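Take a look at the structure below.
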Amino acid sequence: MTYNKHILWAFTAALVTGWVLSYDEGCYYETVMKHSCNWTCMLLTLQWPGSFCIGLTNKTICKIPLTIQNWTIHGLWPTHTGLCCNCWPIFHSHLQEIEPELTQLWPSLIKGKNFFNFWREEWIKHGTCAGCDEAMGSPLLYFQTAVKLRKLFDINSVLESSGIKASCEVSYKYDEISRALASLLGDNYDLQCVTDSKGREAWIQLKIHLSRNQTIGCPTEERDEAFYKLAWYKSPGHPCPKNTTIFFVPINYDNPHEPCN
């Protein structure tokens, strides 16, 4: 009997490390994976379109649709999952029921990048791990959950009620933004910024910590480790500094990579 050398390697690695080798409908995953169903926390990552293009190295690939005027979804990411699988397919037809909402709340801001291709990438990277949970056990359920959570956490309304509005002239202290978010999120979030061409800190992302049952909050030790577990996933920003002011820049459809110039 002969064996594919990659399969032999995978079985050997599984025996040595105790990792789980997954097989689905004749497809061995390209790598041995840690069991991805033991996660307890998620990050709902929202991005601000006004700052998104600042963080791109290639300044020509960004495009913000005119219909996008609010915080959008970057992803819903279970933590402590190791690598997710690439053998759980997703098809456009799976999402047609909620495509209008996804187009508005989870758009691609990259020129020429089909919205579905963006959603497909997020499903492969993160949704296949979330699918271990019954409430997110299919592509449709996973994306429905993300949409529901995005609507639940109406960040714009909270900011506006605290007098925090998008502006190129007015910046805000870290503590001012924290106080505004506290009524909705407590301290269960991380702020990420990007630095623009003039050295200003611009708020780009909000990572909300959630438990597996989709309620706000996550044990402190889980939150601390989540940063390192997701370090492989390239982030467009860095933690917002607490010793300088932060700009919440407006969306500039004509010049998205330099919204304040």
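Taking the stretch 125-135 as the range and being out of contact with any Pro (no Cβ under 9 Å at 6 or more places or on another chain), within 17 Å of HIS74 (Cα to Cα) and of a type in the set (A, V, I, L, M, F, W, C) as the test, no residue passes. Among residues belonging to the stretch 133-156 that are surrounded by fewer than 19 Cβ atoms within 10 Å (Cβ to Cβ) and among the basic types (Lys, Arg), point out the one that is nearest to LEU184 (Cα to Cα). Selected residue: LYS151.
Total residues in the stretch 167-223 satisfying the condition of being among the charged types (D, E, K, R) and closer than 16 Å to GLY75 by Cα: the figure is 3. Entry remark, the stretch 213-245: residues being at pLDDT below 95, within 26 Å of GLU134 (Cβ to Cβ) and either touching a Phe, Trp or Tyr at 6+ places or on another chain (Cβ under 7 Å) or not in a loop (DSSP other than H, G, I, E, B) (or both) number 7 in total.
Looking only at residues in the stretch 66-88 that are at pLDDT below 95 and of a type outside the set (A, V, I, L, M, F, W, C), which one is most open to solvent (accessible area, probe 1.4 Å)? For the stretch 66-88, the residue satisfying everything is ASN86.
Count of the stretch 41-62 residues, restricted to those that are part of a loop (DSSP other than H, G, I, E, B) and crowded, with 16+ Cβ neighbours inside 10 Å, is 2. Consider only pairs whose beta carbons are under 7 Å apart and that are at least six residues apart or on different chains; among these, list those whose first residue lies in the stretch 174-189 and is closer than 11 Å to VAL158 by Cα and open to solvent by less than 20 Å² (accessible area, probe 1.4 Å) and whose second residue is outside any strand (DSSP E or B) and of a type outside the set (Val, Ile, Thr). Once the first residue is closer than 11 Å to VAL158 by Cα and open to solvent by less than 20 Å² (accessible area, probe 1.4 Å) and sits in the stretch 174-189, its partners that are outside any strand (DSSP E or B) and of a type outside the set (Val, Ile, Thr) give ALA180/LEU159; ALA180/SER162. Reported count of residues in the stretch 142-186, each being among the aromatic types (Phe, Trp, Tyr) and touching a Pro at 6+ places or on another chain (Cβ under 8 Å), is 1. Is there a residue being part of a strand (DSSP E or B), at negative phi, open to solvent by less than 60 Å² (accessible area, probe 1.4 Å) and touching a helix residue (DSSP H, G or I) at 6+ places or on another chain (Cβ under 9 Å) anywhere in the stretch 157-169? Looking through the stretch 157-169, none of the residues is part of a strand (DSSP E or B), at negative phi, open to solvent by less than 60 Å² (accessible area, probe 1.4 Å) and touching a helix residue (DSSP H, G or I) at 6+ places or on another chain (Cβ under 9 Å).
Applying the selection to the stretch 117-132, what residues are in contact (Cβ under 8 Å) with a residue 24 or more places away in the chain and open to solvent by 30 Å² or more (accessible area, probe 1.4 Å)? Scanning the stretch 117-132 gives ARG120, ILE124, LYS125, CYS132. Considering only the stretch 126-143, I want to know if a residue exists there that is under 15 Å from the mean Cα position of the chain (by Cα) and among the aliphatic types (A, V, I, L, M). Looking for residues that are under 15 Å from the mean Cα position of the chain (by Cα) and among the aliphatic types (A, V, I, L, M), one finds at least one in the stretch 126-143, hence yes. Among the numbered conditions (1) over 19 Å from THR72 (Cα atoms); (2) under 16 Å from the mean Cα position of the chain (by Cα), the only one that ARG120 does not meet is (1).
A single member of GLN96, GLN104 is touching a strand residue (DSSP E or B) at 6+ places or on another chain (Cβ under 9 Å) and open to solvent by 40 Å² or more (accessible area, probe 1.4 Å), and it is GLN104.
The values are calculated or read from the model by the stated rules, or taken from the named source; none is laboratory data. On a predicted model such as this, the values are computed, not experimentally measured, just so you know. Note that each Cβ is placed from the backbone with ideal geometry, even for glycine, and that neighbours are counted across all protein chains shown. With ligands, DNA and RNA removed, areas are computed over all heavy atoms of the protein, side chains included. Shrake-Rupley method; radii C 1.70, N 1.55, O 1.52, S 1.80 Å.
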